[in-house]
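These notes concern the structure reproduced below.
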Amino acid sequence: MLCNTVSHYPDGVDPMIFFQDISLDKIDIMNTYNQLISQGKYIEANKFISQQKDICGYFADFFNAIENRIYNLQKHLLDKPPKENPFISHKILDTELEELSDELPIEEGMFWI
């Protein structure tokens, strides 16, 4: 396989996918792949390029890897419990603060604006 299509998120960090130019000794592989694509033989082209080593490009496995990473991130975000609003806004004068300090609900982790 050209690049790993499995996503480990959120249990791990997915490896980065690096692209590089094709070396001249692999140009025949790319020519064959491009000929299959130009003939409309997309499944054959994908099977052919998937069997090659040390070639990475914008092939089907790359797009599958991106799709899987997006899916896992969305699933992780949807499974997280919703956050309560940690901000409270209340207009009071400094002189009133002492009088109201007993009445205002102050909770740990709350930010005052």
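The values are calculated or read from the model by the stated rules, or taken from the named source; none is laboratory data. This one's a predicted model, so the numbers in the text were calculated from it and none came from an experiment. As a convention, Cβ positions derive from the backbone with ideal geometry for all residues, glycine included, and neighbour counts pool all protein chains shown.
Check whether at least one residue in the range 86-98 is over 17 Å from the mean Cα position of the chain (by Cα), at pLDDT 70 or above and not in a loop (DSSP other than H, G, I, E, B), and report yes or no. Within the range 86-98, not a single residue is over 17 Å from the mean Cα position of the chain (by Cα), at pLDDT 70 or above and not in a loop (DSSP other than H, G, I, E, B). Residues in the range 45-85 that are exposed (fewer than 14 other Cβ atoms within 10 Å of the Cβ), acidic (Asp, Glu) and under 30 Å from residue 26 (Cβ atoms) were compared, and the one that is modelled with the lowest pLDDT is 54.
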